[in-house]
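Here is the structure we will look at.
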Amino acid sequence: MPRQAIQTSDYDFTVTQTPLYTVRDEDNKKSGYLANVRQDTGEVLGICTDRYALVQNSDLIDRAESAFASKGLTDYDREVYVTDSGSKMRATYDFKGHDIKIPAVGDAMGFRLTLQNSFDRSLRVSFALGMLRLVCTNGMQTLEKEFDMLKKHSAQLDLDKLLTGEAIDSALTRFKDSGDVFGRLAVSKITQDEGKAALGNLLKKNVFSEKVREGIANRFDNPTYEEDGKAGDERNLYQLYNAVTQHLTADNLTDTAGNAVGRMVDSRFEYANRISSNVLKSFDRAATNKNNLAALVAMPKLDEQLIAQN
């Protein structure tokens, strides 16, 4: 049965491992591999050896929320994204009351953790640090990798040791330090045309599609919030990154036929997450090196402009 590219919030299902057999000359032998089978649908979500231990989504989420409660972190909003027929699961937690300010732009960020799990060997069990832009609830990335709370799927994986109070404290500390990245973007000045040129250059690198580039450019040309400035010659990379995240989390997107499809993050979480992460990395490199900045905002050559106009 082909894998269905459907995203849901249904994470509470059981996956078990079943031995795979080889058939040759009527000789039925174990292959040494196991199939990870979703019990409610019968779909095979992944193939592995007996060294790969399964972690049920419900067990991981229950353990995480118990750890949050032990630190007094009970006031949060949770969204769960299950993709590839259940092969991958990510759950975002936006915690209230732990905001940080970005003085350079007068903006505020909320504390976010993203839990992940998989049954196809594509994701380790981990938490990743993120941010929530409070003025418009855009989900934003940080440059922190998955840190202390990251483990392989193995027999030695102990959920009680995965998410400890010390690890949560470390995440909060790193979250407060992450605001420096956005401060760097805010002081990296660009013009309106340079911002749109940067989007074109990222398009050439396949960071996103032309439709996504068009949507981001429209946000950049028509800022929604005071913190995003006004269209003109005095813009910065922070405002351009906000245009990216705002498009990815906008609730009025349509498909090619004009039908409403809601937020991209709700239908294509992994794609939206990858775009946001790659753009932030590119912008931070530009913010810390003037040559990188010049390359990012380089205007297209005249012949390319003429081709685009015709």
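The values are calculated or read from the model by the stated rules, or taken from the named source; none is laboratory data. Please read these numbers as outputs of a predicted model, since none were measured by experiment. Here the Cβ is made from the backbone with ideal geometry for all residues, glycine too, and neighbour counts use every protein chain on show. Protein only, heavy atoms only, side chains kept; ligands, DNA and RNA dropped before computing areas. Shrake-Rupley method; radii C 1.70, N 1.55, O 1.52, S 1.80 Å.
Give the residues of region 83-111 that are within 20 Å of residue 162 (Cβ to Cβ) and either free of Cβ contacts under 8 Å to residues at least 40 places away in the same chain or open to solvent by less than 20 Å² (accessible area, probe 1.4 Å) (or both), sorted by residue number. Can you show your working first?
The initial filter retains those residues of region 83-111 that are within 20 Å of residue 162 (Cβ to Cβ), namely 88-93, 95, 111.
Matches in region 83-111: 89, 91, 92, 93, 95, 111.
Let's see how each residue does on (1) at pLDDT 85 or above; (2) hydrophobic (A, V, I, L, M, F, W, C); (3) in a helix (DSSP H, G or I):
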{"site": "11", "(1), (2), (3)": "yes, no, no"}
{"site": "20", "(1), (2), (3)": "yes, yes, no"}
{"site": "42", "(1), (2), (3)": "yes, no, no"}
{"site": "45", "(1), (2), (3)": "yes, yes, no"}
{"site": "54", "(1), (2), (3)": "yes, yes, no"}
{"site": "68", "(1), (2), (3)": "yes, yes, yes"}
{"site": "74", "(1), (2), (3)": "yes, no, no"}
{"site": "78", "(1), (2), (3)": "yes, no, no"}
{"site": "96", "(1), (2), (3)": "yes, no, no"}
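Within region 182-203, track down each residue that is under 19 Å from residue 248 (Cα atoms) and open to solvent by 10 Å² or more (accessible area, probe 1.4 Å).
Result: 196, 200, 201, 203.
Would you please name the residue that is nearest to residue 81 (Cα to Cα), looking only at residues in region 22-40 that are modelled with pLDDT of 90 or more and open to solvent by less than 50 Å² (accessible area, probe 1.4 Å)?
38
Within region 118-134, is even one residue modelled with pLDDT of 85 or more and either in a strand (DSSP E or B) or buried (at least 22 other Cβ atoms within 10 Å of the Cβ) (or both)?
yes
When you go through (1) within 25 Å of residue 66 (Cβ to Cβ); (2) surrounded by fewer than 19 Cβ atoms within 10 Å (Cβ to Cβ); (3) modelled with pLDDT under 70; (4) of a type outside the set (A, V, I, L, M, F, W, C) one by one for residue 176, which number turns out not to apply?
Status for residue 176: all satisfied but (3).
From 261, 279, 265, grab the single residue that is modelled with pLDDT under 90, in contact with a helix residue (DSSP H, G or I) (Cβ under 7 Å, 6 or more places away or on another chain) and buried (at least 21 other Cβ atoms within 10 Å of the Cβ).
On the way: 261 fails: buried (at least 21 other Cβ atoms within 10 Å of the Cβ); 279 fails: modelled with pLDDT under 90.
Criteria check complete, one pass: 265.
Within the set of pairs 6+ apart or on separate chains, which have a first residue in region 159-188 that is closer than 25 Å to residue 229 by Cβ, a second that is basic (Lys, Arg) and loosely packed, with under 15 Cβ neighbours inside 10 Å, and C-beta atoms under 8 Å apart?
179/101
Report whether or not residue 290 is among the basic types (Lys, Arg), out of contact with any Asp or Glu (no Cβ under 6 Å at 6 or more places or on another chain) and either surrounded by 13 or more Cβ atoms within 10 Å (Cβ to Cβ) or at pLDDT 85 or above (or both). Full working, then the answer.
On the way: among the basic types (Lys, Arg): yes; out of contact with any Asp or Glu (no Cβ under 6 Å at 6 or more places or on another chain): yes; either surrounded by 13 or more Cβ atoms within 10 Å (Cβ to Cβ) or at pLDDT 85 or above (or both): yes.
Yes: the conditions hold for residue 290.
Identify, from the list 141, 156, the residue that is modelled with pLDDT under 75, under 19 Å from the mean Cα position of the chain (by Cα) and open to solvent by 10 Å² or more (accessible area, probe 1.4 Å).
Numbers: 156 fails: under 19 Å from the mean Cα position of the chain (by Cα).
Result of the check over 141, 156: 141.
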